[in-house]
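Q: If you scroll down you'll find the structure; I have some questions about it.
A short reminder: the numbers here are calculations on the coordinates, not readings from a lab. As the structure is a computational prediction, the values presented were derived from the model and not from experiment. Neighbour counts run over all protein chains shown; Cβ positions are idealised from the backbone, glycine included.
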Amino acid sequence: MMRVARSPEGSAVYDPTRRIAGRGAYLCYNRKCVDIARKRHAIERALKVVTTDSLWEELERALEEHIANKVIAADGRSNIK
């Protein structure tokens, strides 16, 4: 699960370590889940903040990275030399 936390300054930030103190909201590693959350303003409602396009871009990158790592793990090979 991807965690988005409300920072002490009152903004929403992606929390890949899941250690930022404070209120958090979780999204599954699924494109539909992220798209629906963005469309329905789920993060804004859960954390009572306004999200930025940069947050959604960061979540998209995390999702793509997760999917890529999952494909490599399923393949049993790594492209790292």
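Q: Condition first: surrounded by 13 or more Cβ atoms within 10 Å (Cβ to Cβ), in a loop (DSSP other than H, G, I, E, B) and more than 11 Å from the chain's Cα centre (by Cα). Now tell me which residues in the stretch 1-30 satisfy that.
A: Ser7, Ser11, Ile20, Arg23 - these are the residues of the stretch 1-30 that are surrounded by 13 or more Cβ atoms within 10 Å (Cβ to Cβ), in a loop (DSSP other than H, G, I, E, B) and more than 11 Å from the chain's Cα centre (by Cα).
Q: Scan the stretch 45-56 residue by residue and report those that are in a loop (DSSP other than H, G, I, E, B) and either among the polar types (S, T, N, Q) or within 25 Å of Ala68 (Cβ to Cβ) (or both). Quick ask: steps written out before the conclusion?
A: Of the stretch 45-56, the ones in a loop (DSSP other than H, G, I, E, B) are 48-52.
Of everything in the stretch 45-56, those that are in a loop (DSSP other than H, G, I, E, B) and either among the polar types (S, T, N, Q) or within 25 Å of Ala68 (Cβ to Cβ) (or both) turn out to be Thr51, Thr52.
Q: Restricting attention to the stretch 31-44, does a residue exist that is surrounded by 10 or more Cβ atoms within 10 Å (Cβ to Cβ) and assigned to a loop (DSSP other than H, G, I, E, B)? Before the answer, list the steps.
A: First, pick out the residues of the stretch 31-44 that are surrounded by 10 or more Cβ atoms within 10 Å (Cβ to Cβ): 31, 33-38, 40-44.
Now narrow it down to the ones that are assigned to a loop (DSSP other than H, G, I, E, B): 40-41.
Taking every residue of the stretch 31-44 in turn, at least one turns out to be surrounded by 10 or more Cβ atoms within 10 Å (Cβ to Cβ) and assigned to a loop (DSSP other than H, G, I, E, B).
Q: Let me ask another. Out of Arg40, Arg3, report the one residue that is charged (D, E, K, R) and touching an Asp or Glu at 6+ places or on another chain (Cβ under 6 Å). It would help to see each step written out before you state the result.
A: Numbers: Arg40 fails: touching an Asp or Glu at 6+ places or on another chain (Cβ under 6 Å).
None of the others qualify; the one that does is Arg3.
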